[in-house]
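The values are calculated or read from the model by the stated rules, or taken from the named source; none is laboratory data. Remember, predicted model here, so these are calculated numbers, not experimental data. Virtual Cβ from ideal backbone geometry, glycine too; neighbours counted across all protein chains shown.
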Amino acid sequence: MKPTEQPVDVREIRRKLGLNQSQFWSKLGVTQSGGSRYESGRNIPRPVQALLRLVHIEQIDITKVKKEDFEVAEYLKASNPELYKNLKKEARASVKKKKTP
């Protein structure tokens with residue numbers, strides 16, 4: 001975590017999601033006891049922080065993500081940034097439509 005970033009209250013994130021420690025931490029490949037230590041103030045390694053952000057904040061199902069998906073996105077972003085920007089905007093709008101009853 002960068003010095004200018006606010007520390008993340010992992011326990012609060014878990015509680016807002018309504019998950020117990022086992023449910024929350026197992027999605028990241030962390031044991032319940034390891035997660036408990038992080039919630040008690042032990043430093044969270046950067047890879048675990050990244051997974052936490054992806055899985056519990058960005059709500060990405062990492063079991064479905066493939067390396068080629070990232071390669072395609074990076075290629076599109078570099079070769080046609082305007083198309084990438086428009087597709088990203090359309091994808092977000094599509095997700096919002098699905099969530100709105």
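Among what's in the stretch 29-42 and is assigned to a helix (DSSP H, G or I) and of a type in the set (D, E, K, R), pick the residue that is farthest from R11 (Cα to Cα). Filtering the stretch 29-42 for residues that are assigned to a helix (DSSP H, G or I) and of a type in the set (D, E, K, R), the one farthest from R11 (Cα to Cα) comes out as R37.
Of all residues in the stretch 12-28, those that are in a loop (DSSP other than H, G, I, E, B) and either modelled with pLDDT under 95 or surrounded by 15 or more Cβ atoms within 10 Å (Cβ to Cβ) (or both) total 3. Considered as a group, the residues in the stretch 43-101 that are of a type in the set (S, T, N, Q), surrounded by 11 or more Cβ atoms within 10 Å (Cβ to Cβ) and more than 18 Å from the chain's Cα centre (by Cα) include one that is farthest from V10 (Cα to Cα), and that residue is N80.
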